[in-house]
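What follows is a set of notes on a single structure, which appears directly below.
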Amino acid sequence: MDLDYVLHTYARDYTHFVKGSGARLFDESGRDYMDFGSGIAVCSVGYGNERLAKAISEQAYNLIHTSNLYGIEPQARLAKRLVELSGYDMRVFFANSGAEANEGALKIARKFGEQLGGIKRYQIITLDSSFHGRTISTLKATAQSKMHDYFGPYPDGFVYAKDLAEIPSKISDVTCAVLLELVQGEGGITPFKREEILHLEKFLKAKNILLMIDEVQTGIYRSGELFASQKYGINPDVITTAKGLGGGVPIGAVMTTLKDIFVPGEHGSTFGGNFLSTRAGLEVLEILEEERSSGRLERTITCFKDRLKDLQKSYPEIFIEEVGLGLMRGLRMRDVESLEKFIKKAKENRVLILKSGKNTARFLPPLTITLEEMEEGFKRLEKAIGDLG
Ligand SMILES: *Cc1c(COP(=O)(O)O)cnc(C)c1O
């Protein structure tokens, strides 16, 4: 049915998951899989989370949606929580996905560039190996030319830098913003160095160019803090987020210190910030803030990282190095073929892991994963490595 009726945009594996609990997924024959990918960083509080399920179901029995024509209490409360917990003096716009959050950021940058007066500043610098989404603009913002085939012409005004050091030389008198991920999620899980980011922040502030951080993957406690920007100690002008925020319910957000950048009518979304998704987001933030403030999240990160490092040290002929930030981690493989094989063998041994870039095995476990689930997952990974032959 899928092949007959659904457009072929995904190279699917037809395992049928029918149930989930904690970090485990169960297929139709009852086999359990340890999920070290959490639906690509989405299922931040795991599967079958009672608090989240209860919050969503109670909200669904009351109001799911009314539209942004009227006040939406959980939307205002979620915006307040994002501001309070981040410590950033910002306002929030809610969208439905990462790409749509980034579209909001691009519009903020373009309007900022116009409001400065003089010639319109419109160019936005992004980085090689970045990923910002699949809409026409965010695809163009994604500096991977192999993804640009067929869909042009694209909107003008995207300039690519090969790394952080190249950004200054790409700035012109029409540059309005730099958009980047602090850890490139699709581009190989490489955290940028803190000093380099701090240096860039200072440089951009002096030039009155916006620093926009795409935290669609790094955000919502994946780094150990609500935002990786906090971990880096920077004050971005714009932050976008999505994936983990709704725990599986679609929601995205763009936040900015430019609190009055938009007036009514300049930006919007029918679904964005509705009762259901923002109620889910509120519960996810409460659950994860408890994980952080109790010290549990930090212990989980340390443990997961140590287990991956042990694996790398035990099999240096397979894994070059262990990389990452928080619970967004990678094992760099010696060659591309062994990566495909490793992911396949892991699956056969019932652990789900992901790929990032050309040669990195990516690990994005639920942030609420237990020690028992971790131990079991790593035991299965050891077996998978044994099966690599
Ligand atoms: C996944 C991702 C996006 C796109 O999010 P969608 O919800 O798929 O639109 C954008 N930026 C980053 C860094 C991502 O990881």
Gap in Å between the Cα centre of the stretch 46-79 and the Cα centre of the stretch 279-303?
19 Å
Of the options GLY386, GLY330, ALA141, report the single residue whose Cα projects farthest towards the positive end of the charge dipole of the chain (beta-carbon charges: Lys, Arg +1; Asp, Glu -1).
ALA141
Using the Cα gyration tensor of the stretch 63-293, with a ≥ b ≥ c the square roots of its eigenvalues, what is the shape: rounded (a/c below 1.5), prolate (a/b larger than b/c) or oblate (neither)?
prolate
Of all trypsin sites (Lys or Arg not before Pro) in the stretch 169-240, which ones are in loop regions per DSSP and have a Cβ with at most 14 other Cβ atoms within 10 Å?
LYS193
Through the Karplus equation 6.51 cos²θ - 1.76 cosθ + 1.60, θ set to phi - 60°, convert the phi angles of the stretch 101-118 into ³J(HN,Hα) values in whole Hz; use x for Gly and Pro.
4, 5, 4, x, 4, 5, 5, 4, 4, 5, 6, 4, x, 7, 6, 5, x, x
Nothing charged except the Cβ atoms of Lys and Arg (+1) and of Asp and Glu (-1): what's the magnitude of the dipole of the stretch 278-389 about its Cα centre? Round to the nearest 20 debye.
420 debye
Distance from the Cα centre of the stretch 175-227 to that of the stretch 121-151, in angstrom?
16 Å
Placing +1 on the Cβ of each Lys and Arg and -1 on the Cβ of each Asp and Glu in the stretch 63-293, which of ALA165, PHE192, LEU226 has its Cα farthest towards the positive end of the resulting dipole?
ALA165
Under the rule of at least 5 residues apart or a separate chain, name every residue whose amide H is placed under 5 Å from the amide H of SER97.
GLY252
Rounded to whole Hz, the Karplus (6.51, -1.76, 1.60) HN-Hα couplings of the stretch 283-288, x for glycine and proline
5, 4, 5, 5, 4, 6
Within the stretch 63-293: Cβ-based charge dipole about Cα centre, in debye rounded to nearest 20 (Lys, Arg +1; Asp, Glu -1)
340 debye
Using a simple charge model, +1 on the beta-carbon of Lys and Arg, -1 on the beta-carbon of Asp and Glu, nothing else, what dipole does the chain show about its Cα centre, in debye to the nearest 20?
400 debye
The chain - accessible surface per residue (Å², probe 1.4 Å)
46 Å²
Output ordering of 306-317, 26-37 (per-residue mean of other Cβ within 10 Å, highest first) is 26-37, 306-317
Give the carbon-plus-sulfur fraction of the accessible surface of the chain in %, rounded to a whole number; probe 1.4 Å, heavy atoms of protein chains only.
53 percent
Under the Karplus relation with 6.51, -1.76 and 1.60 and θ = phi - 60°, whole-Hz ³J(HN,Hα) for the stretch 121-137, x at Gly and Pro, equal 8, 9, 7, 10, 8, 10, 10, 3, 6, 7, 9, 10, x, 10, 6, 4, 6
Rg ratio (alpha-carbon, reference 2.2 N^0.38 Å) - the chain
0.98
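The values are calculated or read from the model by the stated rules, or taken from the named source; none is laboratory data. Every value quoted in this text rests on a predicted model; they were computed, and no experiment measured them. Note: ideal-geometry Cβ built from the backbone for every residue, glycine included; neighbour counts use all protein chains shown. Accessible surface areas use protein heavy atoms only, side chains included; no ligands, DNA or RNA. Shrake-Rupley method; radii C 1.70, N 1.55, O 1.52, S 1.80 Å.
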